[in-house]
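Here's the structure, in structure tokens; my notes come after.
The values are calculated or read from the model by the stated rules, or taken from the named source; none is laboratory data. No experiment lies behind these values; they were computed from the predicted model shown. With ideal geometry, Cβ positions are generated from the backbone for all residues, glycine too; neighbour counts draw on all protein chains shown.
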């Protein structure tokens, strides 16, 4: 709701008052939304657009599917940001040798090894898996096991559920 601005309150009677508000950006359809996002090459927060009109989120997803915009999450605040996908920029071609080189890099299987490599290169990993695993083991929490599927069979308990109403289940 931070994207809204209070405009006015008009009371017509004791029971009927109208609160007028307007969104931060005055857009009413998908074309205006696309134009607005293109005005912000550094990106615009989706929270500032959410209250512009009723189906703005559907239009954002449609623009994303059409390739007109990029919707990316900000890692720190978990907010989505809409970036324009500028059609005037030429498509980037990547050299085949670079693709092969990129795909030939083998990543460690365990996330802890990846975190250690990040720290060795001076980067802070987003998670601390070693700490989380140690905490889980100290509290006796087992590793996540795959849930077993329950068989849907009629058990004795199911049969006894309505035992207090035998007249409903007796055969004539």
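Scanning the stretch 17-58 for residues that are assigned to a loop (DSSP other than H, G, I, E, B) and in contact with a strand residue (DSSP E or B) (Cβ under 9 Å, 6 or more places away or on another chain) turns up 24, 25, 39, 40, 41, 42, 43, 49, 50, 51, 52, 53.
The set of residues in the stretch 111-129 being in a loop (DSSP other than H, G, I, E, B) and at pLDDT 85 or above consists of 121, 122, 123.
Among the residues of the stretch 34-44, those identified as under 20 Å from the mean Cα position of the chain (by Cα) and modelled with pLDDT of 90 or more are 37, 44.
Per this entry, residue 166 is not counted among residues that are modelled with pLDDT of 65 or more, outside the structural domain of residue 39 (by TED's automatic domain parsing), more than 30 Å from residue 59 (Cα to Cα) and surrounded by 10 or more Cβ atoms within 10 Å (Cβ to Cβ).
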